[in-house]
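Just so it is clear, none of the values below were taken in a lab; they were calculated from the coordinates. Remember, predicted model here, so these are calculated numbers, not experimental data. Virtual Cβ from ideal backbone geometry, glycine too; neighbours counted across all protein chains shown.
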Amino acid sequence: SPAKAPTIVVSRDHGGIASGQAVIKLNLKHAVSGIKSKKRFCNNDMLEVLLLVQNQYQYLYSDGDTAHLLNMQTYEELTMDINTLEGSKDKLPYLEVNMEVTVQSLEPEPGPLSWRLPTRHTYKVKSLVDRIAKDRGTTYVTGTLENGIQAQIPNFIKPGENLVIDLMWLTYIGRA
């Protein structure tokens, strides 16, 4: 049932099988975990379609396994389980107070499903550590950002500078 395992249709294909019956093949992605699957539907199969809504919230703080978010239009506070953060808990250190996040909800029910960090965010470099040689002679250093995250950044970035990190791939994009 959709309330137990809400999925997002990634792509679809309409075809037939040997008996001549029409079949719709869907490539699906679980709305919270991101796990992909495939499903076939025939003429008489039923599928409940729900509306996926994305709203902007502001991250306030975490309390154990709960994140507290603020809807910037209604000023209502929403609590989300940390485990519903898209992309895994590895992205938690990149979360900052007042960061704008996106909450995905199914309407009318079951409501909020998951939340995700913005695609990119600006961080300030606190310090630089050792040098690491990369392909094509580009030199990277381990930099510590103001929130304690360590990231590989080009050696021309200096402490105190702001830089942009791609939060999907957790990589340096450029100066802010």
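Structural remarks
- Value of Rg to Rh for the chain, rounded to two decimals, is 1.11; Kirkwood radius and Rg both from alpha-carbon coordinates.
- Selection of GluC sites (Glu not before Pro), the stretch 36-117, meeting DSSP coil and at most 12 other Cβ within 10 Å: GLU48, GLU76
- Remark: for residue pairs LYS91/LYS158; LYS29/LYS91; LYS91/LYS124; LYS39/LYS91; LYS25/LYS89, the C-alpha separation exceeds 26 Å in LYS39/LYS91; LYS25/LYS89.
- Of MET46, MET80, MET99, the one that fluctuates the most in a GNM where the chain has Cα springs shorter than 10 Å: MET46
- For the chain: relative contact order, % (alpha-carbon pairs under 8 angstrom, 6 or more apart): 14 percent
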